[in-house]
Amino acid sequence: MIIKEVFDMGCDCCCCGDKKVDMCESCGMPMQNAELRGGKQPENKCCVHCCDAEGKLKGKEEVREGMISYYVEHEGKSKEDAETFVDEYMTKMPAWK
C-alpha cells in the first residue's frame with residue numbers, strides 16, 4: 001500500500017493542479033493548508049496529529065499508537081497487521097530516521 005492509496009489521493013506526485021501538497025514527515029498525511037500543520041504553523045513539516053498544540057513533534061511511540069489506531073479504525077486492519085505496517089512505514093519517514 002502506498003500513501004496515495006491510504007489517503008485516497010488521485011495523483012502519484014502528491015500535487016493538486018499546480019499546487020504542491022506537502023506530506024507530514026512523520027506519518028505521511030497530506031497537509032494542504034496551515035490548519036493541518038503542527039501548531040498551525042505554515043512552515044511545520046509535521047501534521048497536527050503528530051505534533052502537540054505548540055507544533056512540537058510528539059514522541060515516536062505516541063505517534064506510532066495514533067497511526068495504529070487510524071489503520072484499525074479507518075482502514076479495517078487488525079491490530080497486529082496495523083502494528084506491522086506502521087513499524088515498517090515509520091522507518092521510511094524522515095522524522096524517524
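Applying a threshold of 9 Å to beta carbon distances and a minimum spacing of six or more residues, or different chains, the list of pairs starting in segment 76-97 at a residue that is under 19 Å from Gly59 (Cβ atoms) and among the charged types (D, E, K, R) and ending at one that is modelled with pLDDT of 95 or more and surrounded by fewer than 17 Cβ atoms within 10 Å (Cβ to Cβ) reads Lys97/Thr91. Those residues that are touching a Gly at 6+ places or on another chain (Cβ under 8 Å) and not in a loop (DSSP other than H, G, I, E, B), I need them from segment 41-62; list them, please. Cys47, Cys51, Leu57 - these are the residues of segment 41-62 that are touching a Gly at 6+ places or on another chain (Cβ under 8 Å) and not in a loop (DSSP other than H, G, I, E, B).
Taken over segment 42-71, residues that are touching a strand residue (DSSP E or B) at 6+ places or on another chain (Cβ under 9 Å) and not acidic (Asp, Glu) amount to 11. Among residues of segment 17-28 being outside any loop (DSSP other than H, G, I, E, B) and within 14 Å of the chain's Cα centre (by Cα), the one that is surrounded by the fewest Cβ atoms within 10 Å (Cβ to Cβ) is Asp22. Within segment 1-40, which residues are modelled with pLDDT under 95 and of a type in the set (S, T, N, Q)? Of everything in segment 1-40, those that are modelled with pLDDT under 95 and of a type in the set (S, T, N, Q) turn out to be Gln32, Asn33. Give segment 63-83 a look and list any residue that's exposed (fewer than 13 other Cβ atoms within 10 Å of the Cβ) and assigned to a helix (DSSP H, G or I), or say none. Within segment 63-83, Glu73, His74, Lys79, Glu80 qualify.
Among the residues making up segment 29-61, those that are surrounded by 12 or more Cβ atoms within 10 Å (Cβ to Cβ), of a type in the set (D, E, K, R) and under 19 Å from Lys92 (Cβ atoms) are Lys45, Lys58, Lys60.
A search for C-beta distances below 6 Å between a residue of segment 34-58 that is basic (Lys, Arg) and any residue that is surrounded by fewer than 16 Cβ atoms within 10 Å (Cβ to Cβ) and not in a loop (DSSP other than H, G, I, E, B), counting only pairs 6+ apart in sequence or on different chains, returns Lys40/Ala34. Scanning segment 84-93 for residues that are more than 18 Å from His49 (Cβ to Cβ) and assigned to a helix (DSSP H, G or I) turns up Thr84, Glu88.
The values are calculated or read from the model by the stated rules, or taken from the named source; none is laboratory data. Treat the numbers as computed from the prediction; the structure is a model and nothing was measured. Here the Cβ is made from the backbone with ideal geometry for all residues, glycine too, and neighbour counts use every protein chain on show.
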